[in-house]
Amino acid sequence: MNQRRSKLQVVADVLRVIEMEQGRRVKPTHILYKANLSHKLLKEHLNTLLQKGYINVEIEGNHTYYKITPEGQKFMQELRKIEKLSQAFGLPI
């Protein structure tokens, strides 16, 4: 059975894609494909992450790039702890 991802899972997927680049910038289309999102949902989640200070946007010419911030990295560290706890008890997030 297909289950929809929670908002937290989608946000985590977006941050994981950006985080995987290890300090490099990521184009939005790369995030879109790797996080399996529609353009509309991608824009919504990127705006939320920007407002929270978890990512930064860099515009260079006609290109837009995203990069995870130290706050975003801290969020991902805490989320991993929660995921481990959740898995230990067999409860999905």
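Where a number appears in this text, it was derived from the coordinates with a stated rule and is not lab data. Treat the numbers as computed from the prediction; the structure is a model and nothing was measured. Methodologically, a virtual Cβ is constructed for each residue, glycine included, from the backbone with ideal geometry; neighbour enumeration extends over all protein chains shown.
Other residues lying with their Cβ under 15 Å from the Cβ of N62 contribute a combined charge of 0, Lys and Arg counting +1, Asp and Glu -1. Among the chymotrypsin sites (Phe, Trp or Tyr not before Pro) in the chain, those located in a DSSP loop and surrounded by at most 15 other Cβ atoms within 10 Å of their own Cβ are F89.
Exposure here means at most 12 other Cβ atoms within 10 Å; with trypsin sites (Lys or Arg not before Pro) in a DSSP loop as sites, the longest stretch of the chain lacking them is 25-93. Counting charges near L15 (Lys, Arg +1; Asp, Glu -1) among other residues having Cβ under 14 Å from its Cβ returns a value of +2.
Taking Cα atoms, how many degrees apart are the long axis of helix 70-88 and the longest axis of the chain, rounded to 10 and kept between 0 and 90? Tilt relative to the chain: about 20 degrees. The equivalent ellipsoid that matches the C-alpha gyration tensor of the range 7-84 spans semi-axes of 19, 14, 11 angstrom, in descending order.
For the Cα atoms of the chain, what angle does the longest principal axis make with the long axis of helix 39-52, in degrees from 0 to 90, nearest 10? Tilt of helix 39-52: around 90 degrees. Under the convention that each Lys and Arg Cβ holds +1 and each Asp and Glu Cβ holds -1, the size of the dipole of the chain around its Cα centre is about 200 debye. Springs join every pair of Cα atoms under 10 Å in this Gaussian network model of the chain, and among G53, G23, G61 the largest mean-square fluctuation is at G61.
What number, in percent, do you get for the relative contact order of the chain if the mean sequence gap of Cα pairs under 8 Å and at least 6 apart is divided by its residue count? Display every interim value, and only then the final one.
Details: 81 pairs, mean separation 26.0, N = 93.
Relative contact order, the chain: 28 percent.
Going by how many other beta carbons lie within 10 Å of each one, how would you line up M76, M20, fewest first? Each step should come with its number before you reach the end.
Details: M76 18, M20 12.
Taking fewest neighbouring Cβ atoms as first place, the list is M20, M76.
Put a dot 7 Å past the Cα of Q87, heading toward its Cβ, do the same for K40, and the two dots end up 3.4 nm apart.
Among H63, H30, H39, which one shows the highest mean-square fluctuation when the chain is modelled as a Gaussian network with alpha-carbon springs under 10 Å? Highest fluctuation of the listed residues: H63.
Rounded to the nearest 10 degrees, the inclination of helix 7-20 to the longest alpha-carbon principal axis of the chain is 60 degrees.
Annotation: amide H-H contacts under 5 Å for I93 (H modelled 1.01 Å from N, sequence separation of 5 or more, or interchain): none.
Fully extending the segment from T64 to Q77 would add 2.1 nm, taking 0.36 nm per residue of separation and subtracting the current Cα-Cα distance. You can think of it this way: the chain between V57 and R4 has 16.3 nm of extra reach, that is 0.36 nm per residue less the Cα-Cα gap.
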